[in-house]
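Undergrad: Can you keep this structure in mind? I'll have questions shortly.
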Amino acid sequence: MPLSDEDFQRFQNELLRLRTEKYQLEEQTKRLTTENVQLKSQIETYEKDSIRLPTKMLPFKIMRNSSRDVDDVQRKNDALTQKVHTQEEEFRLQNETMMHELNEVNK
């Protein structure tokens with residue numbers, strides 16, 4: 001069963017769309033990972049500074065919120081990483097399918 005030019009173009013467009021989405025997700029993952037590292041560093045700095053402060057002046061509420069923020073960023077980062085892996089797997093499967101169909105057409 002030959003692959004029409006229209007079908008081939010549709011596959012090409014889908015392939016480009018998936019690649020673009022994959023790269024966007026990878027970039028977003030990198031940004032969130034960088035933000036996560038920065039927030040962890042900031043927390044370490046706050047913890048070091050808090051050791052020097054009298055205990056009655058410790059901003060416990062702020063530290064708890066910062067910790068939650070880091071946890072939220074980490075969860076988002078993990079979710080995006082999983083999404084990138086899923087997209088990569090879908091892309092791989094679609095690519096294999098397209099190659100198989102092209103091989104069938106070329107026979």
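Undergrad: As a test of the formula, what do you get for the chain when each DSSP H run with n ≥ 4 contributes -39,500 (n - 2.57) and the sum is divided by the residue count, at 222 nm and rounded to the nearest 500 deg cm²/dmol?
TA: Numbers: 2 runs with 95 residues, N = 107.
It lands at -33000 deg cm²/dmol.
Undergrad: Using Cβ counts within 10 Å as a stand-in for footprinting exposure, how do ILE51, ILE43 rank, fewest first?
TA: ILE51, ILE43
Undergrad: In Å, the Kirkwood hydrodynamic radius of the chain over pairs of distinct alpha carbons?
TA: 17.4 Å
Undergrad: Using a Gaussian network model of the chain with C-alpha springs under 10 Å, which one of GLU88, GLU35, GLU44 is most mobile by mean-square fluctuation?
TA: Largest GNM mean-square fluctuation: GLU44.
Undergrad: Using a Gaussian network model of the chain whose springs link C-alpha atoms within less than 10 Å, name the residue from THR81, THR34, THR45 with the highest mean-square fluctuation.
TA: THR45
Undergrad: Using the alpha-carbon atoms, what tilt in degrees (0 to 90, nearest 10) does helix 5-52 show relative to the longest principal axis of the chain?
TA: The two axes meet at around 10 degrees.
Undergrad: Let me ask another. Treating only the Cβ atoms of Lys and Arg (+1) and Asp and Glu (-1) as charged, compute the dipole magnitude of the chain about its Cα centre; round to the nearest 20 debye.
TA: Values: 18 positive and 21 negative charges, 206 e Å.
In total the dipole reaches around 980 debye.
Undergrad: Something else about it: Set Lys and Arg Cβ to +1 and Asp and Glu Cβ to -1, take the dipole of the chain about its Cα centre, and tell me which of ASN77, ILE51, SER41 lies farthest positive.
TA: The residue sitting most towards the positive pole is ILE51.
Undergrad: For the chain, set up a GNM with springs between Cα atoms under 10 Å and report which of LYS83, LYS48, LYS40 has the largest fluctuation.
TA: Answer for the Gaussian network model of the chain: LYS48.
Undergrad: Based on alpha-carbon centroids, what's the gap between region 1-35 and region 87-107 in Å, whole number please?
TA: About 14 Å separates the Cα centre of region 1-35 from the one of region 87-107.
Undergrad: Here's a follow-up. Relative to the longest principal axis of the C-alpha atoms of the chain, give the angle of the C-alpha long axis of helix 60-106, reported between 0 and 90° and rounded to the nearest 10°.
TA: Tilt of helix 60-106: around 10 degrees.
Coordinate-derived values only; no laboratory data. This is a predicted model, so every value here is computed, not measured. Cβ: placed from backbone, ideal geometry, glycine included. Neighbour counts: every protein chain shown.
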